[in-house]
Amino acid sequence: MNDMEKNLVSDSSEDFAAMLEETMIKFRPGQVVKGVVAQVSDDGVVVSIPGKADGYIKKNDLVTTDCKVDDEIEAEVVKLNDGEGYVLLSERKVMATKNWEKLVAEYDTGACVEATGREAVNGGLIADVMGVRAFIPASHLSRRFVENIGEFVGKTMTVKIIEVDKAKKRIVASRKAYLLDEKKKAWEKIEKDQIVTGIVRRLTDFGAFVDIGGVDGLIHVTDLAWHRVKHPSEIVTPGQEVQVKIIGVDKEKERIQLSLKALQPQPWEVAEEKYPVDSIVEGKVVRITTFGAFVELEPGLDGLVHISQEDAVQVGQIVRVKVLKVDTEAKRISLSIREALTEEVDYNAEVQGLDFDDVEEPADAE
């Protein structure tokens, strides 16, 4: 490159720097400008702003996360030159300025606001509340100990503002305070004999814990069904929605007793209708005694085949029985294996005794 070419390059560089400097003079840190989104990337957006300059908003300083090219956006000037020739902008600062007074008012009234987790840090979570940076201490993320703070990043939650630093425009929020308020409200509504809908949260050997609007109640294993249940997993699963009846409330000890079977018909109440006398049904032999065999017609409903009506059977065997008598008050059903067998044999003999010679064959039969 000769001297003339070097001078031209030098002059061009100086001219560009001068133009850039002249453009930057039109802006100042803290100034709010409006521009149009020119480019969108995973790291942020490029914004065309008045003065023939381009601004850049980093992803963390964006509030409008779904912005597109040609969208108008308002942002605050953070730095005149970010080192890449862009005016560094922040949409979050504009939103924070606009919403700060609103947040102070929410704090004064004890109201709750929506927050979105942004970053897990030592001791808690940095969150965005209406464009304002908020800190949620780890101990205020839940009513229980939180082992992994990162699980709240990207999650939107309801929080209560518990501290405001007006000088630094910083707030401290608590999700736990909100949850405790909701729990208190829920307890005020809980009454015995209510029928409510809840979500099964966890199972133990002695029952299932169900969330009914922010408070947990227990369905004891004996209240899951009218028949004997060995483990709650036979009836319900975690995450399942169930309708239950509140059968006991102790607000001092914060205990709620629930029942699933209370909303289901007691088997003996409909036994006479489901198993009418002279009907033939199937059942499973569940135990054998000196006076007969007990046959389970359905869970929680057994009938007795008297020894005089019994042929040789084994526990677990499926048998067909005839209903002889139903006594719902005494909770007894009398059954007979022999009469069921005799009746079915007689029926089959009657069918087999038909004179098929009287049946006219189809015209095309060979």
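Other residues with beta-carbon under 12 Å from the beta-carbon of I190 carry, at +1 per Lys or Arg and -1 per Asp or Glu, a net charge of +1. Rounded to the nearest 20, the Cβ-based charge dipole of region 70-193 about its Cα centre (Lys and Arg +1, Asp and Glu -1) stands at 740 debye. When the chain is described by a simple charge dipole with +1 on each Lys and Arg Cβ and -1 on each Asp and Glu Cβ, the residue from H227, Q257, V69 located farthest towards its positive end is Q257. Here is the list for region 124-180: chymotrypsin sites (Phe, Trp or Tyr not before Pro) lying in DSSP coil, each with at most 14 other C-beta atoms within 10 angstrom of its C-beta, are F145.
Take the Cα of A105, step 7 Å toward its Cβ, do the same at E234, and the gap between the two points is 5.9 nm. Here's the picture: a label point sits 7 Å out from the Cα of Q266 along the beta-carbon direction, and within region 190-226 the residues with their amide nitrogen under 20 Å of it are 193-195, 220-226. Roughly how many Å is it from the Cα centre of region 285-301 to that of region 203-244, as a whole number? Distance between centres, Cα-based: 27 Å. Ordering V285, I246, S90 by the projection of their Cα atoms onto the charge dipole of the chain, which places +1 on the Cβ of Lys and Arg and -1 on the Cβ of Asp and Glu, puts S90 at the extreme positive end. Listed values (1) 373; (2) 155; (3) 144 include one computed from this model; for volume of the Cα convex hull per residue in Å³ that value carries the label (1). Close amide H contacts of L125 (hydrogens built in the peptide plane, cut-off under 5 Å, sequence separation of 5 or more or a different chain): I136, A138. Here the calculated FRET efficiency for E72 and T116, from their Cβ-Cβ distance with R0 = 22 Å, stands at 0.45, rounded to the nearest 0.05. Label sites at E339 and V277, each approximated as a point 7 angstrom past Cα along Cα to Cβ, lie 0.9 nm apart.
Top mean-square fluctuation among E273, E182, E191, Gaussian network model of the chain, C-alpha springs under 10 Å? Result for the chain, Cα springs under 10 Å: E273 fluctuates most. For chymotrypsin sites (Phe, Trp or Tyr not before Pro), the sites in region 231-336 that DSSP calls loop and that have at most 12 other Cβ atoms within 10 Å are F291.
Working from Cα pairs under 8 Å separated by at least six residues, relative contact order for region 116-207 is 24 percent. With a simple spin-label model that places each label point 7 Å from the Cα along the Cα-to-Cβ direction, the separation between V40 and D82 comes to 1.7 nm.
Figure legend: label point modelled 7 angstrom from the Cα of V286 along Cα→Cβ; residues of region 220-240 with amide N under 11 Å from it are 226-229. Highest mobility in the GNM of the chain, judged by mean-square fluctuation with C-alpha springs under 10 Å and restricted to A173, A96, A105, is found for A105.
Counting only residues at least eight positions apart within a chain, or on another chain, the lysines with an alpha carbon under 21 Å from that of K160 are K98, K102, K168, K169, K176, K183, K184, K185. Subtracting the Cα-Cα distance of K183 and D211 from their residue separation scaled by 0.36 nm leaves 9.0 nm.
Computed per residue of the chain from DSSP H runs no shorter than four, each worth -39500 (n - 2.57), the mean residue ellipticity at 222 nm is -7000 deg cm²/dmol.
Computed from the coordinates by the stated procedures, all read-outs in this text should not be read as laboratory data. Just so we're clear, the structure is a prediction, and the values are computed from it rather than from any experiment. Positions of Cβ are backbone-derived with ideal geometry, glycine not excepted, and every protein chain shown enters the neighbour counts.
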